[in-house]
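All remarks here apply to the structure that follows.
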Amino acid sequence: MKKLACLVAVVCTVFFLAANVATAQKPGAPWVFPPKHKTMKSTLKAGDASINTTGKELYNKHCKSCHGAKGLGDGPKAANLKTNTGDFSTAKFQARPDGELYFMSIIGRDEMPNYEKKIPDEADRWAVIGYIRTMKK
Amino acid sequence: MAVSLFAQEAEAPPEKDIRPVRNTFESIWLGDNQTVEVPIKGTFEWDILHRFGSTKTNGFDDFWGLFASSNLRLGFNYVPVEKLQIGFGVTKENLLWDFNAKYAILRQGRSGGSPLTVTYFGNLAIDTRSEGKYFNYPEYEFSDRVSYFNQLMIARKITRSLSLQAAFNLSHFNYVGTGAYNDQNEWVNNQNTNHFSTTFLGRYKITEGLGVFASYDLPLTDHPITDPKPNLNLGIELVSSSHAFHIFVGNYYSIVPQVNNARNLNEDLLIGFNMTRLWNF
């Protein structure tokens with residue numbers, strides 16, 4: 001009986017390690033942006049009231065579970081993804097033009113879902129991106 | 001003169017935003033009731049709704065009804081065109097199949113336009129239990145199995161956290177079952193075929209993902225013998241990008257609204273769960 005218990009423990013440990021090796025996260029491949037997203041500008045002015053109301057509300061509903069409350073990529077679902085979600089607070093991320101953030105946040109690719117249907121209003125989408133901009137360190 | 005023109009410009013009222021408010025409610029359901037919400041075109045929704053046994057009957061022995069015989073509805077909805085949702089569902093109690101439609105007649109604007117959201121909900125339900133066992137009377141017709149529900153809902157998102165809704169409901173049963181002889185030796189049915197009722201509900205969001213809600217369903221029609229009982233819901237709503245989850249207590253055991261509104265005789269509280277999953281196409 002003891003031997004059987006040991007065998008089960010060893011098998012479980014091997015499976016656990018194998019599963020974790022298999023799901024180790026990799027950094028995302030470079031994004032490829034359509035030309036219009038290189039020059040696209042937010043329709044909201046900096047400090048627009050909707051950024052901290054609508055933007056924050058939508059971020060918390062749709063983005064926080066993976067990207068974390070402060071955009072650090074530490075949301076509860078992040079560990080289950082194959083790709084690292086990145087860190088919104090870094091200068092490198094924040095240096096991206098508005099259109100690129102729009103493409104990454106709303107259009108998406110692979111594990112990053114498309115949010116065009118869930119956030120149908122254009123101004124609301126820019127409010128989310130405005131809120132992501134407030135996460136700069 | 002120039003000073004006066006500037007003064008007029010400064011006092012110009014801000015432009016009204018007539019875009020529809022986002023999410024008066026977070027789901028098409030709130031406890032036992034429908035809300036005014038109609039998801040965006042292309043949304044497919046799967047609902048799993050549970051109602052458990054009385055919290056009072058057996059207490060701890062059936063864990064306040066959670067381990068008692070429960071009622072279950074599986075529902076599927078789709079929004080093929082903007083403002084219109086169609087769906088169907090199957091419910092364990094009476095093996096009811098229901099087919100429903102919901103249409104957003106008016107939508108509240110963000111700071112202009114309509115001050116209210118007005119939505120119609122209607123359904124047709126068919127009792128599919130076996131004829132020999134449950135419909136074994138000579139004058140039986142298939143239409144006896146059919147019932148209807150019509151609801152006009154009016155709601156307002158008062159603040160970002162608080163939304164209120166009132167609804168006027170008409171339930172109709174083609175067959176009202178048994179009856180009795182009255183004092184004048186005349187046969188009277190237990191109930192009228194039509195039953196009017198009204199619903200009030202409100203939800204307060206504590207955070208973006210967590211809210212509390214309450215609702216009250218009040219019967220209006222006086223029936224010859226059996227009057228249905230009202231329903232009180234108190235519950236918690238948890239929502240995420242694609243899900244809504246409600247846990248609540250209430251008096252309604254049935255899930256199809258005409259059965260709840262016109263035939264509820266339960267006055268004990270019972271626990272209910274709603275789970276919804278959304279996909280966008």
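The values are calculated or read from the model by the stated rules, or taken from the named source; none is laboratory data. Every value quoted in this text rests on a predicted model; they were computed, and no experiment measured them. With ideal geometry, Cβ positions are generated from the backbone for all residues, glycine too; neighbour counts draw on all protein chains shown. The protein model used for the area step is the full one, side chains on, heavy atoms only, and it has no ligands, DNA or RNA in it. Shrake-Rupley method; radii C 1.70, N 1.55, O 1.52, S 1.80 Å.
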Whole-Å distance linking the alpha carbon centroid of segment B:185-233 with that of segment B:146-179 is 8
Helix A:122-133: inclination vs chain A longest Cα principal axis, degrees, rounded to 10, gives 70
At the level of C-alpha centres, the distance separating segment A:45-119 and segment B:258-281, in angstrom, is 35
Losing no less than 10 Å² of accessible area (probe 1.4 Å) relative to the isolated chain, the residues of segment A:93-137 are A:LYS117, A:LYS118, A:PRO120, A:ASP121, A:ALA123, A:ASP124
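Tell me whether segment A:53-137 comes out rounded, prolate or oblate; compute the Cα gyration tensor, take square roots of the eigenvalues as a ≥ b ≥ c, and use a/c under 1.5 as the rounded threshold.
Working: a/c = 1.34, a/b = 1.14, b/c = 1.18.
The shape class here is rounded.
State, as an integer percentage, the relative contact order of chain B based on alpha-carbon contacts under 8 Å between residues 6 or more apart.
Worked out over chain B, it gives 19 percent.
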Within 10 Å of the Cβ of an average residue in A:58-67, the count of other chain Cβ atoms is 3
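What is the calculated FRET efficiency for B:PHE99 to A:LYS3, with r their C-beta to C-beta distance and R₀ = 60 Å, to the nearest 0.05? Mind dumping the intermediate values first?
On the way: r = 60 Å, r/R0 = 0.99.
That gives a FRET efficiency of 0.50.
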Whole-percent carbon and sulfur contribution to the accessible surface of segment A:60-137 (1.4 Å, no ligands, DNA or RNA) stands at 54
Per the protein assembly as shown, sqrt(5λ) over the Cα gyration tensor eigenvalues, sorted largest first, in Å, gives 47, 33, 18
Relative to chain A, whose Cα atoms define the longest principal axis, helix A:2-22 and its Cα axis are tilted in degrees, nearest 10, by 30
Ranked by GNM mean-square fluctuation in chain B (Cα springs under 10 Å), the top entry among B:GLY59, B:GLY42, B:GLY31 is B:GLY59
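Identify the GluC sites (Glu not before Pro) of segment A:74-137 meeting these criteria: DSSP loop state and at most 10 other C-beta atoms within 10 Å of the C-beta.
Numbers: sites: A:GLU100, A:GLU111, A:GLU116, A:GLU122; in loops: A:GLU111, A:GLU116.
Here no loop site has a sparse enough neighbourhood.
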Under the 7 Å Cα-to-Cβ spin-label approximation, B:SER111 and B:PHE281 lie apart by a distance in nanometres of 3.9
Ordering A:TRP31, B:TRP187, B:TRP279, A:TRP126 by the accessible surface of their heavy atoms, 1.4 Å probe, largest first, yields B:TRP187, B:TRP279, A:TRP31, A:TRP126
For A:LYS26, counting only aspartates and glutamates whose alpha-carbon sits under 17 Å away and dropping same-chain residues fewer than eight positions off, the answer is A:ASP74, A:ASP87, A:ASP110, A:GLU111
Judged on accessible area alone, 1.4 Å probe, highest first, A:MET40, B:MET153 line up as A:MET40, B:MET153
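Between chains A and B, what is the buried accessible area in Å², counting both sides, with a 1.4 Å probe and ligands, DNA and RNA left out, to the nearest 100? Before the final figure, lay out the partial values.
Details: alone 9130 and 14700 Å², together 22410 Å².
Its buried surface, counting both partners, is about 1400 Å².
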Quick note, segment B:149-269: a/c under 1.5 would make it rounded; otherwise a/b > b/c is prolate and the rest oblate (a ≥ b ≥ c, C-alpha gyration tensor); here it is prolate
By the Cα gyration tensor axes a ≥ b ≥ c (a/c under 1.5 gives rounded; else a/b larger than b/c gives prolate, otherwise oblate), the shape of chain B is prolate
Computed over the protein assembly as shown, protein heavy atoms only, probe 1.4 angstrom, the accessible area per residue in square angstrom equals 54
Taking chain B and counting helices only, DSSP H stretches of n ≥ 4 at -39,500 (n - 2.57) each over all residues, the nearest-500 ellipticity at 222 nm comes to -1500 deg cm²/dmol
